Amino acid sequence: MTNNQHTNATSDGAQTTDGAHATAAPRAAEPSPDAPWPVSQLNAKVKQWIERLGHIWVEGQVTQVNMKPSWKLSYVTLRDVEQEASVQVTLSTSTLRSLTTPLNNGDRVVMYGKPAFYAGRGSFSLWVTRVRHVGIGELLARIEELKRALAAEGLFDPRLKRPLPFLPRRVGLITGRGSAAERDVLSVAQDRWPAVQFEVINTAVQGPNTVPEILAALEKLESNPDVDVVIVARGGGSVEDLLPFSEEALSRAVSRMTTPVVSAIGHEPDNPVLDHVADVRAATPTDAAKRVVPDVLAEKQYVMELRQRAAGALRSWVAGEKRSLSDLRSRPVLADPLLPVTRQREIIEEALQRKDRALGMTVREKRNQITSLKAQVNALGPSQTLARGYSIVQVVPRDGSGPAVVTTVNDVQPGSQLRIRVADGAITAAAMAVQAAPGGTEQDTTKTE
């Protein structure tokens, strides 16, 4: 394309020349090893595409301001507040000097400008015409909105809070280099438990580098299996100084941690978003050290009290058991172990005595009965009759058989041998004669001796 022929490019790639009808022109050939683009053509195409964006609003944090009164243009570096990303900003020095509040490093601002690409040196910049500081009220409103969003997602749920270890092997500490927060945490922890170990990572605690550096430190401590708990500590400061601890990227990174995280940012009134996401919120760095590291003297005292309580409880238990044993031993069955046997023996002896008494009574009764019967028998028997003067006459047969009582005269023949029993003995005699009762037959016999 020559200077004496003005060319207008259309959106579909066709070209028209002044005084001539539009004619279709072939698209530019793609670059290749044989037909590469020159640098100027590359920069021109990049410039063409970049400048299509038009004017935009961009928010970030100022990290560097290069301005001199004698310069027509000034240069500012604007950095993302959550990630490692920055952009060079170009604006007129008069615009910069006309700001009611001077632009300083760390300021949170919103800029209005147009992306520009300088083809001569192949550099990108944002040409800015308007700069506005982000107010504290607006920042606080954004923080509250972020809190509501994260709470709705459940990042503040108490059930997700991880418990702190009783005695951590190693404590990770993320804080500013040489800061009062670092000294407070380390000194208090060492006083409470001298053997505790720390892995300290110093990062920026305010400004645009805060969030990226803390994210890197959290990742490093999370990958260390020896670290049992992490403390993120910073001393007090203004609302602007504590803004990095309310960034969404930091809050989400802490919520994904498996290692418990303690937030110790600022003082008691300060309340960044990190306090709600962390597992434990400490009012101050000193409070964080007290929450994470137990007091060895207090623990020893507590152990001593527990031992004393255990010893007292054991003594009380032993005393109670002794009383129980004494009560058991005082019972008759244990005071005299043979008492059941003795009682059974007494019962048996008493039963024997009752049996003997009953048997004796029975024997006496039977004896009395026998005596009575004997008296009756004697009263009816021949002895009593003999005692009254009667006698029993028996005949002794000649055949040698036993004597037979004479009950009738027919049992005796004259001359029969008789045996006469009297009360005190027996008399042998011979029948002289046999005489029947009146009305009977009378025979005279000869008496024999």
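Only residues that are more than 30 Å from Val230 (Cα to Cα) and in contact (Cβ under 8 Å) with a residue 24 or more places away in the chain were counted across the range 137-176, and they come to 0. For the range 423-449, a residue qualifies if it is at pLDDT below 85 and under 26 Å from Asn378 (Cβ atoms), and exactly one does: Ala423. With a requirement of 1 or more residues that are under 35 Å from the mean Cα position of the chain (by Cα) and either not assigned by TED's automatic domain parsing to the domain that holds Val230 or not β-branched (Val, Ile, Thr) (or both), the helices (runs of 4 or more DSSP H) lying completely within the range 260-351 that satisfy it span 273-277, 285-292, 296-330. Quick test of your reading of the structure: Val405 fulfils all but one of (1) over 60 Å from the mean Cα position of the chain (by Cα); (2) outside the structural domain of Thr428 (by TED's automatic domain parsing). Name the failing condition by number. The number of the failed condition is (2).
The values are calculated or read from the model by the stated rules, or taken from the named source; none is laboratory data. Given the structure is predicted, the values throughout are model-derived calculations rather than measurements. Quick reminder, even Gly has a Cβ in these numbers, built from the backbone with ideal geometry, and neighbours come from all protein chains shown.
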